[in-house]
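The values are calculated or read from the model by the stated rules, or taken from the named source; none is laboratory data. Computed from a prediction, not measured in an experiment: that's the story for all the values here. Cβ coordinates were reconstructed from backbone atoms using ideal geometry, including for glycine residues, and neighbour counts include every protein chain displayed. Calculation scope for accessible area: heavy atoms of the full protein, side chains included, ligands and nucleic acids excluded. Shrake-Rupley method; radii C 1.70, N 1.55, O 1.52, S 1.80 Å.
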Amino acid sequence: MPGTDEVWSAVRRSLLALVVQAFVVTCLVAGTTAFVTFDKTVTLSVDGERHEIRSFARTVGDVLDSEGITVGIHDLVSPLPGRRLESGDKIVVRYGRPVELTVDGQTRTVWTTARKVDEALMMFGIRADGAYLSASRSTRINRSGMNLYVRLPHDLTILADGKRHELTTTALTVREALAEAKVTVRAHDRVSAGLASYPMDEQVIAVTRVDGKKVVEEKAVPFKTVTKKSAALYKGVTKVETRGKVGVRVRTFSETYVNGKLSSRKLVSDKLTVKPVTEVVLVGTKPKPENSPSADGLNWAALADCESGGNPDAYNPSGPYYGLYQFSESTWHSVGGSGVPTDYGSAEQTYRAQLLYKRSGAGQWPVCGKYLFT
């Protein structure tokens, strides 16, 4: 029979084996728990390319590093790289692209995270409906960028032959605009703007006819502006009810030249051929509701800058979307607006955007909403 020492030795070996096994099991359980705890499934979207990944990363930035994604100051990352990562998160990366943008002859380089021309125009706040574009709206913008030429439509008033010709045009020169309006300029006629100059919005161009000693001169007659109180608009809001239009005065002169130089000029007739139209501006008197949403602590200017470039007249035909905050017409109406946002000024648009935020939060602006909190 074995001795007492041998029995105790066997017992000790059995206990040691049990302890080792228990330690191994504990480590396995702890490891499994840690794996389940730290393993996360997230959706990563890079310039619209989406895929799911599993990661042990602690932050959004760690995920980007593990995927070999480097971002710069012109790129967009949402949520921010320093934010703690949670399973089910959606990470959006949009790379910046340089665009050499020429609008009505003025060139500048701007950066955008837009991937198509129409989206870039919206982000630049360019109301391009009816504009001339050097690339179609659906053209993709490569990471290397592109050159984009835009000629915006301009409203011109041309005074010629005793008539007022109203024209909306993207013509490159005044000469082209006159031709588009079917106004012929003869060799000795005089034009109030350079024929090779770029047309300007709301420009009035007068054509003076010269026939030998007879000179028929067109002059613009300024319109008046009146204001009317409107209980339908909130205080601080204005709206043009009737757009003003210049009148046309035709004066005929008899000129005498000596040695090629003007010696005398006599007024023969003076007629008002077209009366000006008075501009009517509505001024709001309606008090804002007491429960109007507060903008305290929210950066509405930054949101507007991201959505429309801060342009209250911005228009994106792909929606279509309107104004500072790129409302759709249906959403604008859902917060009590009438017409479309671009019918109103910045104050009214911001008020309606605040109502929308109060109702639905920053998610109404999925790309730019984060700027409210900067």
Exercise. In what order, largest first, do 370, 213 sit by accessible area if the probe radius is 1.4 Å?
Worked result: 213, 370
Problem set entry | Beta bridges per DSSP with both ends in the chain, % antiparallel, nearest 5 | 75 percent
Problem set entry | Cα-based equivalent ellipsoid, the stretch 176-234: semi-axes from gyration tensor eigenvalues, Å | 35, 16, 9
Problem set entry | In nm, spacing of pseudo-spin labels at residue 49 and residue 268 (7 Å Cα→C-beta vector) | 7.5 nm
For this session: Find out how many positive minus negative residues lie around residue 268, taking Lys and Arg as positive, Asp and Glu as negative, among other residues whose Cβ is under 9 Å from that of residue 268.
Result: +2
For this session: Kindly report, to the nearest 10 Å², the accessible surface of residue 100 as traced by a 1.4 Å probe over protein heavy atoms only.
Result: 80 Å²
Seminar exercise, completed: With x for Gly and Pro, the residue-by-residue ³J(HN,Hα) of the stretch 350-361, computed from phi through the Karplus equation 6.51 cos²θ - 1.76 cosθ + 1.60 at θ = phi - 60° and given in whole Hz, is 5, 4, 5, 5, 5, 4, 5, 4, 4, 7, 10, x
For this session: Quick one: accessible surface of residue 358, probe radius 1.4 Å, all protein chains present, in square angstrom to the nearest 10.
Result: 120 Å²
For this session: Over the stretch 92-184, consider all pairs of different Cα atoms and compute the Kirkwood hydrodynamic radius from their mean reciprocal separation; express it in Å, one decimal.
Result: 14.8 Å
Exercise. Simple spin-label model, 7 Å along Cα-to-Cβ: residue 144 to residue 275 in nm?
Worked result: 6.2 nm
Exercise. Based on the Cβ-Cβ distance of residue 286 and residue 202, what FRET efficiency does E = 1/(1 + (r/R0)^6) give at R0 = 30 Å, to the nearest 0.05?
Worked result: 0.50
Exercise. Using the Cβ atoms and a cut-off under 14 Å, what net charge is assigned to the surroundings of residue 107, where Lys and Arg are +1 and Asp and Glu are -1?
Worked result: 0
For this session: Could you check how many percent of all C-alpha pairs in the chain are farther apart than 38 Å?
Result: 47 percent
For this session: Could you please put 286, 182 in sequence from largest to smallest accessible area, using a 1.4 Å probe?
Result: 182, 286
Problem set entry | Förster-model FRET efficiency, 51 Å R0, residue 56 and residue 238, C-beta, rounded to 0.05 | 0.35
Problem set entry | P(r) weight above 20 Å for the stretch 81-238, C-alpha pairs, percent | 66 percent
